[in-house]
Amino acid sequence: MVAMNRPRNIVILTGAGISAESGIDTFRGGGGLWEQHRVEDVATPEAFERDPDLVLRFYDMRREAIQTKEPNAAHHALARLDREWPKKAGGEVLIVTQNVDDLHERGGALNVLHMHGEHLNAWCMACDERHRWTGTLIDRPPCPACGESALRPDVVWFGEVPYRMEDIYQAVSGADLFVSIGTSGAVYPAAGLVRSARDLGVQTLELNLERSQGSAWFHETRLGPATEIVPAWVE
Ligand code: BV8
């Protein structure tokens, strides 16, 4: 398992590519999510201000879609690593995901940090409370805490600050191995983590279908579908 000179602490960054074989569209790729919408029209605070119905419908559609999908062999392999590694190597595994689906958790992973938020959370703009949300928001439901109809998707839009960046940088600085899986390396600050890891002398590995924008920063890149190369790497 993970034969690379027995690292202790492992930070794993995942992107849409790890959920692709579960049937969840990636963002940039034939027919990807951003191909059908201009990012500026559906994934920015200005878009929400300008056309809230378009944005709420975009996220309602994706929130409903993920509930019909299942975790794949890559999610299950990472969950196995997450559960077994501390016993095997006395180190920690942290999955930092850019994904807003819940497939890591449903695949059995325990230490998951959603740096771009989660489809299945709604955030009240009136009282700042967050709520688990599997329904729609287009109908402006009342916030369960304060009753105001002020709920928005709890996802980080472009121009908004990703969640828990301090914790993420802390985890990277304490890692022996940084692994990036299924991301194009197009969006910052997530795409900059590999450079932070390199600067700190951390071993870096990329597992992806094709070379990403950040490939040059990885000590090693292995190409192939996540359901094949992730279990092979974990074993
Ligand atoms: C911020 C949630 C300040 C919503 C998302 C210039 C330079 C640097 C930064 C900027 C810049 N101009 C603007 C910025 C800032 C901007 C940014 O980076 N813009 C880009 C376009 C240049 N970033 C921000 O605004 C961020 N906030 O910067 O705040 C700050 C900075 C530092 C510290 C504190 C504060 C906020 C960005 C968050 C946006 N929200 N998602 C939603 O989901 O709707 S972004 C969204 O796209 C994802 O979350 C993900 O992060 C991102 C990239 O997507 P990927 O996951 O990589 O998916 P993609 O389709 O692109 O690629 C899929 C990959 O998988 C491909 O490589 C493919 O080959 C591979 N693949 C496909 N199938 C498989 C596979 N691999 C394996 N197996 C398969 N089967």
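Structure notes:
- No other residue among 164, 130, 140 is without any contact (Cβ under 8 Å) to a residue 40 or more places away in the chain and at positive phi apart from 140.
- Elements of type helices (runs of 4 or more DSSP H) in the range 1-66, at least 1 residues being modelled with pLDDT of 95 or more, within 11 Å of the ligand (Cβ to nearest atom) and of a type in the set (Phe, Trp, Tyr): 52-66
- Pairing residues of the range 186-203 that are in contact (Cβ under 8 Å) with a residue 24 or more places away in the chain with residues that are open to solvent by 60 Å² or more (accessible area, probe 1.4 Å) and away from the ligand (no atom under 11 Å from the Cβ), at Cβ distances under 7 Å and at least 6 apart in sequence or on separate chains, gives 194/217; 200/173; 202/176; 203/176; 203/219.
- Of everything in the range 158-174 that is closer than 22 Å to residue 212 by Cα and surrounded by 17 or more Cβ atoms within 10 Å (Cβ to Cβ), the residue that is farthest from the ligand (Cβ to nearest atom) is 172.
- Residue that is most open to solvent (accessible area, probe 1.4 Å) [pool: residues in the range 123-152 that are charged (D, E, K, R) and within 16 Å of the ligand (Cβ to nearest atom)]: 130
- Filter result for the condition that a residue is crowded, with 21+ Cβ neighbours inside 10 Å, at pLDDT 95 or above and not charged (D, E, K, R), over 113, 81, 120: 81
- Screening residue 100 on (1) in contact with a strand residue (DSSP E or B) (Cβ under 8 Å, 6 or more places away or on another chain); (2) at pLDDT below 95; (3) in a loop (DSSP other than H, G, I, E, B) shows it passes everything except condition (2).
- Test: residue in the range 113-126 that is within 23 Å of residue 198 (Cβ to Cβ) and not in a strand (DSSP E or B): yes
- Of all residues in the range 187-234 being away from the ligand (no atom under 13 Å from the Cβ) and charged (D, E, K, R), the one that is farthest from residue 74 (Cα to Cα): 199
- Residues satisfying the stated conditions in the range 67-87, i.e. of a type in the set (A, V, I, L, M, F, W, C), in contact (Cβ under 8 Å) with a residue 40 or more places away in the chain and away from the ligand (no atom under 12 Å from the Cβ): 77, 78, 81, 85
The values are calculated or read from the model by the stated rules, or taken from the named source; none is laboratory data. Bear in mind that the values here come from a model prediction, so they are computed numbers and not experimental data. In this analysis, Cβ positions are derived from the backbone assuming ideal geometry, glycine residues included, and neighbour counts consider all displayed protein chains. These area figures cover heavy atoms from the full protein model, side chains too; ligands, DNA and RNA do not enter into them. Shrake-Rupley method; radii C 1.70, N 1.55, O 1.52, S 1.80 Å.
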